[in-house]
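> Could you have a look at this structure, given as structure tokens, before my questions?
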Amino acid sequence: MPNSILQPLKWRGNENGYLQFIDQTALPLKKIYISCHNEAILYSAIRSLKVRGAPLIGVAGAFGVCLIAKNIRTPNPTGFLKELRLKSERLASARPTAVNLSWAIKRMLAVAQKGSFRNAAALKESLLIEAKRILSEDIAMCEAIGRYGSKLIKNNSNILTHCNAGTLATGRFGTALSAIYAAKQQGKKIHVYVDETRPLLQGARLTAWELTQAGINCTLICDNMAGPLMAQGKIDCVIVGADRIARNGDTANKTGTYGLSVLAKAHKIPFYVAAPVSTFDLKTKSGRDIVIEHREEKEVLEFAGRRTAPKEMKAYNPAFDVTPAKFITAFITNNGIRRQIKTKI
Ligand code: MRU
């Protein structure tokens, strides 16, 4: 079992309670917990990456539906459901690429639409049960990913990872990092190269912090050091997470992942994508159909909040890229290792 004591998000209280999560934009300098009582605050926390990582925004979205339900005042059941659906759909639009957000919200709305509830209180109770189930399923899936993924990690390995696909990005344990935690727990000697992951430095701020906390031997590198390290024979495998995996296996993940996959192919290094089944989107045919989120130019024009580019400069800032399936050696899922995607994962 991978080792992680961190819990990035929790629901406090009963169905009239609130959501509490770590503000990931403050890490690693400060560990701040935000208490979130309404969906507007959650929407902006997801947009601004206070809560981030595909599986975690799915879980956050599920609890977001509980917040929406809690705050609806309409007594009429049809009006209640309509408001719940409209506000939930808006929440689902906070970040378009990670399929987990819309997946979890759809699952919550199905609970609301299917049941015939005595009253609003009973509906809110059922929604909270479902959101908690989504969280505990995510934790279990991440744990299973760790179990399977660790089999691919040999003793004395140097692993490269990009962005943060760890506990902070999930209910617990992570996806790519879960495999690393499990390998370490099995007594394997491992070392991780952490890409800093420009522009928002999820690697330098979050993965570096998480791995250090877990006592994993790791070294931070600039994103453009991955190629030279591979050429020097210093990387044994690459393990990354995913935001959406299309039916043909094309995978959207943090910008920079595609380049790593091409480099790994050129150097004959295994390139693994770790993801729970909630990240597989069988309705999307290929990478060409994945909507890529474009973020504010200032994330690129600045570094750690300080302008680095000239005033008149513009920037191009897609948050994700798409790695073609042909560059992926295998998918590490909660159901096992998949060399190829079939219609059933
Ligand atoms: O923009 P972010 O920080 O939410 O991007 C996160 C990633 O790209 C992760 O690799 C992905 O969500 C998988 S997390 C288990």
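> Using +1 at the Cβ of each Lys and Arg and -1 at the Cβ of each Asp and Glu in the range 9-143, identify which of LEU29, GLY58, VAL99 lies farthest towards the dipole's positive end.
So the residue furthest toward the plus end is LEU29.
> Something else about it: Please give the FRET efficiency for GLN7 paired with THR74, using the beta carbon to beta carbon distance and R0 = 30 Å, rounded to the nearest 0.05.
E(calc), rounded to 0.05, equals 0.35.
> Related question: When THR279, THR219, THR255, THR329 are ordered from fewest to most other Cβ atoms inside 10 Å of their Cβ, what list results?
Numbers: THR279 28, THR219 14, THR255 21, THR329 17.
Ascending number of Cβ neighbours within 10 Å: THR219, THR329, THR255, THR279.
> For ILE221, enumerate residues with amide H under 5 Å from its amide H, sequence gap 5+ or separate chain, H modeled in the peptide plane.
The answer is VAL194, ASP195, GLU196.
> To continue, here is another question. Do any trypsin sites (Lys or Arg not before Pro) in the range 110-169 lie in a loop, going by DSSP, with at most 10 other beta-carbon atoms within 10 Å of their beta carbon, and if so which?
In loop regions of the range 110-169 (DSSP not H, G, I, E or B), the sparsely surrounded trypsin sites (Lys or Arg not before Pro) are ARG118.
> On to the next question. Would you please give the residues with an amide H less than 5 Å from that of PHE173, counting only those at least 5 places away or on a separate chain, with H modeled from the backbone geometry?
Counting only residues 5 or more places away or on other chains, the set is THR167.
> Provide the per-residue ³J(HN,Hα) series for the range 312-324, in order, calculated from phi with Karplus coefficients 6.51, -1.76, 1.60 and θ = phi - 60°, each as a whole number of Hz, with x at glycine and proline positions.
Along the range 312-324, the couplings run 7, 6, 10, 9, 10, 9, x, 6, 9, 10, 10, 9, x Hz.
> Using a basic spin-label model with each label point 7 Å from the Cα along Cα→Cβ, how many nm lie between LYS30 and ALA231?
4.3
> So, one more: In terms of Cα to Cα distance under 17 Å, which lysines are near enough to LYS311, apart from those fewer than 8 places away along the same chain?
LYS298
> Let me ask you something else. Once you charge only the Cβ atoms, +1 for Lys and Arg and -1 for Asp and Glu, what is the size of the charge dipole of the chain about its Cα centre, to the nearest 20 debye? Please list the in-between numbers first.
Working: 50 positive and 26 negative charges, 113 e Å.
My answer is approximately 540 debye.
> With a 10 Å Cβ neighbour count serving as the proxy for reagent exposure, in which order, fewest first, do MET225, MET141, MET230 appear? The partial results should precede the final answer.
On the way: MET225 16, MET141 24, MET230 21.
In increasing order of surrounding Cβ atoms, one gets MET225, MET230, MET141.
> Separate question: Could you line up PHE173, PHE80 from fewest to most neighbouring Cβ atoms inside 10 Å?
Numbers: PHE173 27, PHE80 19.
Lowest count first: PHE80, PHE173.
> Say each of GLU296 and THR212 gets a label point 7 Å from the Cα, pointing the same way as Cα to Cβ; how far apart are those two points in nm?
2.7
> I've got another one for you. Amide H of ASN253 versus every other amide H placed in the peptide plane: which residues, excluding those fewer than 5 positions away on the same chain, fall under 5 Å?
ASP243, ASP321, THR323
> Now a separate question. Output ³J(HN,Hα) for the range 144-152: one whole-Hz value per residue in order, computed from phi by the Karplus curve 6.51 cos²θ - 1.76 cosθ + 1.60 with θ = phi - 60°, and x for Gly and Pro.
Ordered by residue, 3J(HN,Hα) equals 5, 4, x, 4, 6, x, 5, 5, 8 Hz.
Taken together, the values in this text are just the output of simple stated rules run on the coordinates, not laboratory data. All values derive from a computational prediction rather than experimental measurement. Counting neighbours? That spans all protein chains shown, and the Cβs are built from the backbone with ideal geometry, glycine included.
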